[in-house]
Amino acid sequence: MNLTLKIWRQQNSNDKGKMVDYQISDVSGDMSFLEMLDVLNEDLITKDDTPVSFDHDCREGICGMCSLQINGEPHGPDKGVTTCQLHMRSFKDGDTIYIEPFRAKAFPIIKDLVVDRSAFDRIQQSGAYVSVNTSGNTQDANNIPVPKEDADMAFDAATCIGCGACVAACKNSSAMLFVSAKVSQFALLPQGKVEGKKRVQDMVAQMDAEGFGNCSNTGACEAECPKGISLENIARMNRELISAKLAVKH
Ligand code: SF4
Ligand code: FES
């Protein structure tokens, strides 16, 4: 395939940035999207040009580092995959592909396609942990029975990889899907209930302090999430938050 790439180039956080056109040829459908960018970068380096900066780590859909807005969609056109799992066979010869960073006020651009998602880390640090000692005195798992349905929902919530696609997809740049997944994975299990009321309040307060927008129930986050995190988690987080605030008042 021969493709035209329109890529966001920005030298640093103060630079205005702009779209730059690149031509790339002999792209195989079996290449991943990131491998295609690797080929482009090798070509740029050969020409003494500056390679395009982009985030990646595991390249197998588990770390949440890759974060490209491809033709206006976080992680590109395929559903349920991250950018690193997207293959070039999803495009066709002669296509023009727009490649931009995830855009949100709370995710400032560091360089080119790399954004600073440390806001997510700070939200996690504000409450996404348990104080229960889980080492050295491990009890038999059957000591605290957990309904299968709750265990399944907690596991589903825990599959969030913190990629930020939900924020990039939302017209309000809301982080509710991410935060609600993190709150839910604890709220659904006995170990998470110990500091549950404090957790939800602290994580929501940190989310607001980081400058993420509000949820207006559009559902774009769920549609673009590569891990299929359900909007039900947002409803659960709202219930947790209301009951935590009521408990504090009485
Ligand atoms: S909820 Fe989905 S889109 Fe949002 S950070 Fe988690 S995995 Fe990524
Ligand atoms: S590079 Fe790890 S999820 Fe894509």
Summing +1 per Lys or Arg and -1 per Asp or Glu among the other residues with Cβ less than 12 Å from Asn238's Cβ gives +1
In debye to the nearest 20, the charge dipole size for the chain, taken about the Cα centre with +1 at each Lys and Arg Cβ and -1 at each Asp and Glu Cβ, equals 1260
The whole-number value in µm²/s of the Stokes-Einstein translational diffusion coefficient for region 3-111, with Rh from the Kirkwood sum over alpha carbon pairs at 25 °C and 0.890 mPa s, is 171
Expected vector for region 132-137, Karplus 3J(HN,Hα) from phi with 6.51, -1.76, 1.60 and θ = phi - 60°, integer Hz, x for Gly and Pro, equals 4, 6, 10, 10, x, 10
Rounded to the nearest whole number, the Stokes-Einstein translational diffusion coefficient of region 100-180 at 4 °C and 1.567 mPa s (Kirkwood radius, C-alpha pairs) in µm²/s is 84
The long-range amide H neighbours of Ile97, using H built 1.01 Å from N in the peptide plane and a cut-off of under 5 Å, are Thr4, Leu5, Lys6
Spelling it out for Ser174: with amide H atoms placed in the peptide plane at 1.01 Å from N, the residues 5 or more places away or on another chain with amide H under 5 Å from its amide H are Gly213
Computed, not fitted: 222 nm per-residue ellipticity of the chain from DSSP H runs ≥ 4 (each -39500 (n - 2.57)), nearest 500, equal to -10500 deg cm²/dmol
Among Lys6/Lys79; Lys18/Lys182; Lys105/Lys245; Lys79/Lys198, the pairs whose Cα-Cα distance exceeds 30 Å are Lys18/Lys182; Lys79/Lys198
Most fluctuating of Ser230, Ser90, Ser126 in the GNM of the chain (C-alpha, under 10 Å) is Ser90
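Bear in mind that the values in this text are calculations on the coordinates, not laboratory data. Note that the structure is a prediction, hence the values are computed from the model and not measured. Heads up, the Cβs are rebuilt from the backbone with ideal geometry, glycines too, and the neighbour counts pull from every protein chain shown.
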